Structure formats: structure tokens, C-alpha cells
Amino acid sequence: MKGGTRLELQGKVVLITGASSGIGRATAELMAARGAKVVINYNQNAAGAADTVAKIQEAGGECIAVQADVTKKDQVEAMVEHVVSIYGAIHVLVNNAGGGMKTSSFMEMTEELWDETYALNVKSILLCSQAAAKHMIPRLSGKIINISSAAARIGGAGESIHYASSKGAVNTMTIGMSRELIEHGIIVNGVAPGMVDTPFHEKFAPGTNRLNRLAAPVPMKRAATSLEIAEVICFLASDASNYILGETITVSGGR
């Protein structure tokens, strides 16, 4: 086999949730460049999704966008069925949708913020993975990649325990899903980014210079780019990672 071909994604149908910006968008663009047929999911950012689709198509790639709230079972199932009706299969699911809503100290944490965070970061993985796996199981193949965070190891004390703990749940889900779904030929792994230069930080904690503040202790002295995270996601989606199972790869610049 020629060098590099196992990293290609030629002909694979890839569904990426939360792909209208940031890591999701960079992953969509890179996967399309490597030959995948990319479906980007978005909830509210229709303009970002349309811009991503246009950029990929202008570069000669194949891409469509599908709107769905990934915390709602009926919308998730409709999205997956729509993708399968167009392409006949889903070979790779990237559970990228997630966020922290806003910062909060532990003692000021509201039940609503806690539940919303877990719905977006954890429940969405349950719903999307179940829906996609139903179509992977008969084919005895497929890959699911869960996007976690290095915050799961740090704990998020002081401002983001809700976010960090939900990402800890994602790590645990990745291990459990991998053990069960490998019986059906489905390989499950995860990626845990550290500080990444995306719009997430300003949305999460407006006006606090959060990105620069939290990137300061990183041994590499900078935040990652979305492309650097996308490269690892694409590796796990490719045949080059076929003997990796149940792992969450931390990409944090040594943090």
C-alpha cells in the first residue's frame, strides 16, 4: 500500500455534529479534502453552516448541512435518516457538538445550567450514537469519535465544574461504548482538546480574556488551532487507527 493512503477518507460518509464553526468546521474541511462525503450538523448557526458548505464545495469537496438540535431524540433520528436516505450509510460519526453555556462557580450553579450542559455534552452523544449505530451494526463496521476536553482531568474548579464533569462523563462513555459496540465492528474513540483558539471561549466567558489566561500554563506557550485538533480526529476516522479502541487522545500542548 502506498504511503499515506490509510489516512485518506475517500468515499466515507461522515456526520459531524456542531460543525458550523471552530473544531467542527475545521474537521469538516479537512475530511472533505481527504475524500469524505461530509454532512455538517448545526442547530442555530445557519450562516456558519452555509459558509462551511460553500467553502468545501468551492474546493471540489462534497458537503451538505442538516439542521437538528442534538439534544432532541426526534430531531436526531430524523437527521440520521435523512443522511442515510441521501448517501445510503454513515461510516463515521463525530460527536463534536458541545459547550459550557456560561461560567459559574459551584455554589452558584443552577440546576438549569447543569442540566443544559449535560444535555448538550452527554445526552447528545447517547442520542446521536444510538441513531447512527443502528445503521452501522448491519454493516458490521463504523467509527464513532467523541470530542471530550482536557478539562475533564483538571476539574474545572472556579468557573466550569459543570463543563469539566460532563466531559469526564464523555471519557467514561467512550470506554463503555467501545467495549459494547466493537462486537458489531464499530470502533469508538475520543479526542480531548486542551485550549483551542475558537469562538467558544468568548461565548463561554465574555470579556474575561479566558483564552490567553488559560493558555499561559501550557508548556508549548500557546493555544492549539482548530486544524491541529482536526488532524487527530481525521486520524481516528481513517484506517490508520483501526487497532485503537476506547482511547481518548489528549491534544493539549503538554497541559
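The values are calculated or read from the model by the stated rules, or taken from the named source; none is laboratory data. Just so it is clear, the model here is predicted, and its values are computed rather than measured. Every residue, glycine as well, gets a Cβ built from its backbone with ideal geometry; the counts of neighbours run over all protein chains shown.
Values computed for the structure shown
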quantity	calculated
Residue match in the stretch 49-68 (condition: out of contact with any strand residue (DSSP E or B) (no Cβ under 7 Å at 6 or more places or on another chain) and closer than 30 Å to S165 by Cβ)	no
Qualifying residues in the stretch 79-108 (those that are surrounded by fewer than 16 Cβ atoms within 10 Å (Cβ to Cβ) and of a type in the set (S, T, Y)) - the one nearest to E29 (Cα to Cα)	S85
Residue match in the stretch 159-168 (condition: modelled with pLDDT under 95, surrounded by fewer than 21 Cβ atoms within 10 Å (Cβ to Cβ) and either under 22 Å from L120 (Cβ atoms) or touching a Lys or Arg at 6+ places or on another chain (Cβ under 8 Å) (or both))	yes
Candidate set from the stretch 150-196 (those that are of a type in the set (S, T, N, Q) and in contact with a helix residue (DSSP H, G or I) (Cβ under 7 Å, 6 or more places away or on another chain)); member that is nearest to L93 (Cα to Cα)	N189
L93 vs. criteria within 15 Å of the chain's Cα centre (by Cα), part of a helix (DSSP H, G or I) and aliphatic (A, V, I, L, M)	no
Every residue from the stretch 230-249 that is out of contact with any Lys or Arg (no Cβ under 7 Å at 6 or more places or on another chain), surrounded by fewer than 20 Cβ atoms within 10 Å (Cβ to Cβ) and not hydrophobic (A, V, I, L, M, F, W, C)	E231, N242, Y243, E247
Residues that are within 30 Å of S85 (Cβ to Cβ), among the small types (G, A, S) and in a helix (DSSP H, G or I), drawn from the stretch 131-175	A131, A132, A133
The stretch 199-255, residues that are at pLDDT 95 or above and among the acidic types (D, E)	E228, E231, D239, E247
Which listed residue is within 17 Å of V191 (Cβ to Cβ) and touching a helix residue (DSSP H, G or I) at 6+ places or on another chain (Cβ under 8 Å), from G99, G24, G61, G48	G99
Options L120, L126; residue that is part of a helix (DSSP H, G or I), under 22 Å from G194 (Cβ atoms) and in contact (Cβ under 8 Å) with a residue 40 or more places away in the chain	L120
